[in-house]
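One structure below.
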Amino acid sequence: MAAPMRFDGRVVLVTGAGGGLGREYALQFAERGAAVIVNDLGGGMSGGGESSRPADLVVKEIRSKGGKAVANYNSVEDGEKLVQTALDNFGKIDIVVNNAGILRDRSFARISDLDWDLIHRVHMRGSFLVTRAAWPHMKKQGYGRIIMTSSASGLYGNFGQANYSAAKLGLVGLSNTLAKEGVKYDIKCNAIAPMAGSRMTQTILPEGALQRLDPKHVAPVVLYLCHEDCPETGGVFETGAGWVSKLRWQRTKGTVVRQDDAIMTPEQVRDSWSEITDFSDATYPNSGGESTTQALAAVEEAFQNQSSVPAPPGGGGGGNSIERAIGYTARPTVFTYTTDDAILYNLAVGMSTSDPDHLKFLFEGSEDFRVIPSFSVIPAASCIPNILSGDIPGLSIDPTKVLHGEQYMEIYKPISPSGKLICKFTVADILDKGSGAVIVLNVDLESEEGERVAMNQFALFVVGAGRFGGHRNTDKAYAPVDPPSRPPDATVRDKTSIDQAALYRLTGDRNPLHIDPSFAIMGGFDKPILHGMCTYGFATRAVLKQFANNDVTLIKAIKARMSKTVLPGQTLQTDMWKEGSRIHFLTKVVENGNVCLSGAYVDLTRAPATVTTTTQPTQSVSLASDAVFAEFSRRIKASPALVKKINAVYLWNVTKDGKTCAQWTVDLKTGSGSVYRGEPKQGKAGCTLTLADSDLVAMVSGKLNPQQAFMQGKLKVSGNIMLSQKLSQLFQDQAKL
Ligand code: NAI
């Protein structure tokens with residue numbers, strides 16, 4: 001049997017512990033080793049009078065049994081003083097049981113202001129003040145257990161107890177939120193609705209029931225909920241006479257009574273009443289986010305199934321409002337930015353000091369200081385919030401339903417890394433895609449002198465706003481173009497940081513979807529997602545480096561479709577194909593294979609003077625040393641004992657003309673061993689070896705001595721250098737290689 005539950009070293013504050021339930025809690029906590037603050041004002045049942053006697057008697061009883069307890073006679077409305085007693089006597093506070101209570105029962109019409117206020121002051125405000133005083137101490141120590149005392153009157157209502165019921169259900173709300181806010185600090189909070197014979201209930205319960213409802217049978221539930229081993233938080237428990245049960249919200253599946261975007265009517269509600277109230281497929285949401293997500297998902301599903309023609313995004317204005325919106329050009333706005341904004345953008349799309357060209361992008365003092373051309377979306381997007389909040393006549397859009405579908409940009413002259421740009425947007429077209437509408441928006445960027453700098457075209461998908469009878473396709477939008485079917489000419493991998501979205505949002509797109517977990521859940525995502533335009537910037541940087549020698553003047557146009565989401569921390573792989581002056585690219589998430597940017601390309605103004613196509617390991621270049629790794633693989637398979645003997649993971653960087661052009665992992669540790677291209681899939685390499693393709697072949701075929709190669713600087717070894725010695729076993733019998 002598991003050990004008895006103890007509370008040694010724990011400090012417990014029980015409010016209203018001079019009698020009834022509170023007294024029993026205090027006695028049982030003390031009996032199991034806790035130091036207890038026995039709080040009681042010693043007043044009458046309806047809130048009048050004061051006496052130190054009830055608390056003193058309980059303290060005396062605890063001490064007489066060898067327990068630790070001190071009394072506190074303040075009202076719970078002096079929350080700080082109660083917690084201070086705990087700190088002064090025992091140096092901390094671990095557990096708070098909010099139990100103190102009074103009754104002022106009246107039928108509703110007879111409840112006076114005083115009846116209402118006193119009840120709320122003791123139950124709601126008292127529990128709030130005591131808990132708020134204890135909270136920072138619990139947070140600091142990373143531990144806390146809290147009980148709120150509710151009541152069946154609050155959960156179900158009870159004649160003559162409107163004031164009390166309101167306060168008691170309020171305590172459940174308080175408990176629910178504290179449970180959520182406390183998760184990070186191991187503070188758990190639960191609510192109980194007890195049933196017990198006490199002075200509060202002795203006049204309403206029959207004698208037999210009173211005996212069965214001894215507070216002794218409630219206290220063990222409170223003790224368990226307050227024990228360090230109890231995982232429960234945010235629960236509501238009804239308990240009495242030895243019976244314990246958990247309560248939760250149950251919701252009918254619900255039904256969508258609205259017809260797509262048409263106005264909803266009370267008659268529709270009436271006609272759907274039996275479905276609205278049908279509990280047969282009930283759900284049990286346990287957070288606001290879950291509740292809202294379920295409701296919105298039901299609406300989406302219903303709209304997809306409804307065959308009627310709904311109203312357009314113009315909201316009731318029919319096709320005319322859409323016609324008014326198409327072609328609308330807004331008054332120009334001015335976007336002012338500094339070199340800090342340019343550096344922040346470059347950093348946010350992955351530019352790093354590890355790049356040899358970094359000064360040009362990260363140091364404003366550099367002679368050739370530049371911003372990556374995809375930055376042009378930042379000034380262009382500065383008008384989006386206005387557009388979504390009603391800047392386009394005839395168009396009303398729910399901003400929470402807008403997804404950024406595609407982005408095209410044309411750069412007419414290199415974007416200055418600081419200055420002012422005049423932004424002018426035009427609604428190029430609005431398409432009816434059935435499940436939604438696509439707004440094609442062109443934003444022109446001009447210098448103050450009126451010179452065209454760039455244009456951006458946004459394709460914004462508005463979920464649920466389709467089927468308004470509009471056209472499906474347009475020649476006004478730049479279409480995505482699929483890459484060639486041959487293997488890519490270059491591949492670059494970039495691991496995004498876990499804080500990538502937190503950084504990118506500082507460039508302008510502050511949508512909480514990218515930072516706030518609760519908002520992300522409401523939007524139907526498990527966690528905050530990376531901005532599609534951040535991935536776009538990463539891919540642009542890859543093309544810029546691989547095919548344009550980081551020369552921003554070579555970039556003429558960029559197009560991509562945002563196909564799937566990326567989570568901060570995931571690795572992006574951009575595959576690139578050169579077709580004349582067009583570089584097709586496709587970006588996927590390495591961890592799950594999802595293509596996140598598709599139909600994408602960069603158009604160059606001209607071919608660069610010299611093109612660096614392999615500054616990052618590419619996965620497609622074929623090398624003489626490939627045969628070496630194939631032979632390694634064969635040997636490992638043939639000799640499992642070798643894996644056990646060597647028991648290490650090696651990473652090989654194979655270079656050509658001084659640049660790494662392939663990486664190989666030789667894993668002689670995991671399972672029966674493996675050899676594959678790329679970095680180790682599990683753990684880190686114990687030893688990394690870097691050498692030229694030709695030297696590797698020479699070395700394994702016995703023409704180059706490894707020690708000499710090392711001394712001559714041809715072979716570089718990092719990590720555990722001793723592990724490289726063990727490799728000789730793989731090199732034996734060189735003739736076969
Ligand atoms: P009780 O009247 O025996 O105990 C309440 C204690 O709180 C009293 O000792 C009283 O002096 C103290 N108190 C009142 N106002 C205070 C204040 N401002 N500051 C400090 N102490 C104060 O009542 P009982 O039955 O033990 O109730 C305990 C809790 O359980 C109450 O919150 C009550 O509403 C709740 N409850 C009890 C039920 C029952 O069946 N006994 C049913 C549902 C809820």
When you check Leu503 against the structure, is it part of a helix (DSSP H, G or I), out of contact with any Pro (no Cβ under 6 Å at 6 or more places or on another chain), touching a residue at least 24 places away in the same chain (Cβ under 8 Å) and of a type in the set (A, V, I, L, M), yes or no? yes
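Name every residue in the stretch 1-23 that is more than 8 Å from the ligand (Cβ to nearest atom) and either closer than 20 Å to Thr131 by Cα or touching a residue at least 24 places away in the same chain (Cβ under 8 Å) (or both), in order of residue number. Walk me through it before giving the result.
Let us first name the residues in the stretch 1-23 that are more than 8 Å from the ligand (Cβ to nearest atom), namely 1-14.
Passing the criteria: Pro4, Met5, Arg6, Phe7, Asp8, Gly9, Arg10, Val11, Val12, Leu13, Val14.
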Residue tally, condition closer than 24 Å to Ala600 by Cβ, small (Gly, Ala, Ser) and outside any strand (DSSP E or B), over the stretch 421-460: 1
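Quick grid of which residues meet (1) at pLDDT 95 or above; (2) closer than 26 Å to Tyr345 by Cα:
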{"site": "His471", "(1), (2)": "no, no"}
{"site": "Val481", "(1), (2)": "yes, no"}
{"site": "Ala501", "(1), (2)": "yes, yes"}
{"site": "Arg510", "(1), (2)": "no, yes"}
{"site": "Leu513", "(1), (2)": "no, yes"}
{"site": "Phe519", "(1), (2)": "no, yes"}
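Condition check ((1) touching a helix residue (DSSP H, G or I) at 6+ places or on another chain (Cβ under 8 Å); (2) at pLDDT 95 or above; (3) under 23 Å from Gln202 (Cα atoms)) across all residues:
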| residue | (1), (2), (3) |
| --- | --- |
| Asn89 | no, yes, no |
| Val96 | yes, yes, no |
| Ile102 | yes, yes, yes |
| Gly126 | yes, yes, no |
| Gly144 | yes, yes, no |
| Ser151 | yes, yes, yes |
| Asn163 | yes, yes, yes |
What's the number of the condition Gly47 fails, among (1) at pLDDT 95 or above; (2) surrounded by 15 or more Cβ atoms within 10 Å (Cβ to Cβ)? (1)
Take Gly523 and tell me if it is farther than 30 Å from Lys659 by Cα, surrounded by 21 or more Cβ atoms within 10 Å (Cβ to Cβ) and in contact (Cβ under 8 Å) with a residue 24 or more places away in the chain. no
Among the candidates Glu410, Glu448, residue that is closer than 27 Å to Asn346 by Cβ and touching a residue at least 60 places away in the same chain (Cβ under 8 Å): Glu410
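In the stretch 232-252, what count of residues is obtained for those that are part of a loop (DSSP other than H, G, I, E, B) and touching a residue at least 40 places away in the same chain (Cβ under 8 Å)? Give the steps one after another, and end with the answer.
Of all residues in the stretch 232-252, those part of a loop (DSSP other than H, G, I, E, B) come to 232-235, 241-242, 248-250, 252.
So of that shortlist, the ones also touching a residue at least 40 places away in the same chain (Cβ under 8 Å) come out as 232-235, 241.
Summing the residues that are part of a loop (DSSP other than H, G, I, E, B) and touching a residue at least 40 places away in the same chain (Cβ under 8 Å) in the stretch 232-252 gives 5.
Would you tally the residues in the stretch 314-338 being at pLDDT 55 or above, under 17 Å from Leu431 (Cβ atoms) and outside any helix (DSSP H, G or I)?
Here is the first cut: in the stretch 314-338, the residues at pLDDT 55 or above are 321-338.
From the residues that got through so far, the ones that are under 17 Å from Leu431 (Cβ atoms) too are 321-328.
Filter once more, keeping what is outside any helix (DSSP H, G or I): 326-328.
Residues meeting the conditions: 3.
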Show me the helices (runs of 4 or more DSSP H) entirely contained within the stretch 108-184 in which 3 or more residues are of a type in the set (A, V, I, L, M) and away from the ligand (no atom under 13 Å from the Cβ). 126-141, 162-182
Pairs where the first residue, in the stretch 358-376, is farther than 28 Å from Gln457 by Cβ and of a type in the set (S, T, N, Q) and the second is modelled with pLDDT under 95 and surrounded by fewer than 17 Cβ atoms within 10 Å (Cβ to Cβ), C-beta under 7 Å, 6+ apart: Ser366/Leu359
Examine the stretch 679-689 for a residue that is in contact with a helix residue (DSSP H, G or I) (Cβ under 6 Å, 6 or more places away or on another chain) and closer than 15 Å to Ala627 by Cβ, and state whether such a residue exists. no
Pairs under 6 Å by beta carbon, first residue in a helix (DSSP H, G or I) in the stretch 44-68, partner away from the ligand (no atom under 16 Å from the Cβ), six or more apart or different chains? Ile62/Ala30
Within the bounds of the stretch 648-667, is there any residue that is out of contact with any Leu (no Cβ under 8 Å at 6 or more places or on another chain), under 26 Å from Lys637 (Cβ atoms) and without any contact (Cβ under 8 Å) to a residue 24 or more places away in the chain? yes
Residue under evaluation Ser107, criteria (1) hydroxyl-bearing (Ser, Thr, Tyr); (2) touching a Gly at 6+ places or on another chain (Cβ under 7 Å); (3) surrounded by 15 or more Cβ atoms within 10 Å (Cβ to Cβ), criterion not met: (3)
Among the residues of the stretch 163-214, which ones are among the acidic types (Asp, Glu) and within 24 Å of Val130 (Cα to Cα)? Glu181, Asp186
Among the residues that make up the stretch 40-59, is at least one of them within 9 Å of the ligand (Cβ to nearest atom), among the polar types (S, T, N, Q), more than 44 Å from the chain's Cα centre (by Cα) and closer than 30 Å to Ser112 by Cβ? yes
What is the residue count in the stretch 28-39 for residues that are surrounded by fewer than 24 Cβ atoms within 10 Å (Cβ to Cβ) and either touching a residue at least 60 places away in the same chain (Cβ under 8 Å) or near the ligand (Cβ under 6 Å from one of its atoms) (or both)? 2
For the stretch 275-290, pairs from a residue that is part of a helix (DSSP H, G or I) to a residue that is loosely packed, with under 12 Cβ neighbours inside 10 Å and not hydroxyl-bearing (Ser, Thr, Tyr), with Cβ under 8 Å and 6 or more apart or across chains, are none
Could you grab me the full set of residues in the stretch 75-107 that are in contact (Cβ under 8 Å) with a residue 12 or more places away in the chain, more than 8 Å from the ligand (Cβ to nearest atom), in a helix (DSSP H, G or I) and charged (D, E, K, R)? Asp78, Glu80
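The values are calculated or read from the model by the stated rules, or taken from the named source; none is laboratory data. Computed from a predicted structure; not experimentally measured. Here the Cβ is made from the backbone with ideal geometry for all residues, glycine too, and neighbour counts use every protein chain on show.
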